[in-house]
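The values are calculated or read from the model by the stated rules, or taken from the named source; none is laboratory data. All values derive from a computational prediction rather than experimental measurement. Please note: Cβ atoms are built from the backbone with ideal geometry, for glycine as well, and neighbour counts cover all protein chains shown.
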C-alpha cells in the first residue's frame, strides 16, 4: 500500500512509534523515527520524506513548531498529519499551521492509512476522481462569484480547502456539503467551524475539498495566483 514511500514517525512515546513503524514497514514503506519535533526537523533537512506523522505534545520540540518549520522549508510537502491525545490545539489551528490532517487519539490505523492514501494524491487528481457521492448532499449557496468572495476577503483558500466567512448554522464537523458559488461549486467536508470570533479568528467554517468537476477546478485556478495551490503553507486557512 505504501511501497516506496518514506515515513517519519515523531513521538516521545516509544510504544506508539513502534506500532506505527511496524505497520508502515509491513505496508512496504521505509520508516525513520524521531522523539521530538526538533529531532524531526533536523532529519527533514537531510532526508526526503513522503509522510510525517507527529504527536503534538513532546518535550524538546512540539508538533506545531515542527509543522511551521517544515512548511517554511517545503510549503506543500511532505504530507504531515498531527496526532494528539489532548484538546490543547484546535483543529483550525492545526490546518492553518500547515498540517494536512489532524487525528485525535485513540485512532484507527485503517482510518489513518486511508487518509494518507488520499492526501498523497496531488490536486486535481485527489478531487476530480473522488468516489464521493453527491446525490442528496445538502447544498450551501453563496450569493456571489468565487472571485468576488475572494476580493471581499470572505473566502481564503489554502492547499486543500478554504475558509468561508459565514454563520456555521447547523453544520457539524465531518458533514459533507455541496458549497455553491455563482460560478463555482464543490463537494466539501466541514473540518472545523467557529461560531464566535476568537482573537483574529473570524466567524466562519473551514472546508476541505473532496470533489469537483474539471470545469470547476479550472475556475478555481483562474481566481488564484499562479502556483498558489502548491505554495500556500496553510492547508485550510483559519481566517
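With in contact with a helix residue (DSSP H, G or I) (Cβ under 6 Å, 6 or more places away or on another chain), at negative phi and not assigned by TED's automatic domain parsing to the domain that holds residue 156 as the only criterion, which of 99, 94, 72, 29 stands out?
Sole residue among the options that is in contact with a helix residue (DSSP H, G or I) (Cβ under 6 Å, 6 or more places away or on another chain), at negative phi and not assigned by TED's automatic domain parsing to the domain that holds residue 156: 99.
Here is a yes/no grid of residues against (1) surrounded by 19 or more Cβ atoms within 10 Å (Cβ to Cβ); (2) more than 19 Å from the chain's Cα centre (by Cα):
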residue: 22; (1), (2): no, yes
residue: 38; (1), (2): no, yes
residue: 48; (1), (2): no, yes
residue: 58; (1), (2): yes, yes
residue: 66; (1), (2): yes, no
residue: 71; (1), (2): yes, no
residue: 99; (1), (2): yes, no
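Just one of (1) in the same structural domain as residue 46 (by TED's automatic domain parsing); (2) under 23 Å from residue 205 (Cβ atoms); (3) touching a strand residue (DSSP E or B) at 6+ places or on another chain (Cβ under 9 Å); (4) at pLDDT below 90 trips up residue 107, so point out which.
(2)
Tell me yes or no: at least one residue of the stretch 204-221 is assigned to a loop (DSSP other than H, G, I, E, B), out of contact with any helix residue (DSSP H, G or I) (no Cβ under 6 Å at 6 or more places or on another chain) and modelled with pLDDT under 95.
Let us first name the residues in the stretch 204-221 that are assigned to a loop (DSSP other than H, G, I, E, B), namely 212-213.
The next check asks that each one be out of contact with any helix residue (DSSP H, G or I) (no Cβ under 6 Å at 6 or more places or on another chain); those that pass are 213.
Still in the running and modelled with pLDDT under 95: 213.
Yes: one or more hits.
If you check residue 159 against the conditions, is it under 24 Å from residue 80 (Cβ atoms), crowded, with 16+ Cβ neighbours inside 10 Å, modelled with pLDDT of 90 or more and out of contact with any strand residue (DSSP E or B) (no Cβ under 9 Å at 6 or more places or on another chain)?
The answer is yes for residue 159.
Between 191, 118, which is in contact (Cβ under 8 Å) with a residue 12 or more places away in the chain and outside any loop (DSSP other than H, G, I, E, B)?
The unique qualifying residue is 191.
Any residue that is within 18 Å of the chain's Cα centre (by Cα), surrounded by 14 or more Cβ atoms within 10 Å (Cβ to Cβ) and assigned to a helix (DSSP H, G or I) - is there at least one of those in the stretch 129-149?
No, that holds for no residue.
Give just the number: which of (1) more than 23 Å from residue 229 (Cα to Cα); (2) at pLDDT 95 or above; (3) crowded, with 18+ Cβ neighbours inside 10 Å does residue 52 not satisfy?
If we test residue 52 against (1) more than 23 Å from residue 229 (Cα to Cα); (2) at pLDDT 95 or above; (3) crowded, with 18+ Cβ neighbours inside 10 Å, just (1) comes out false.
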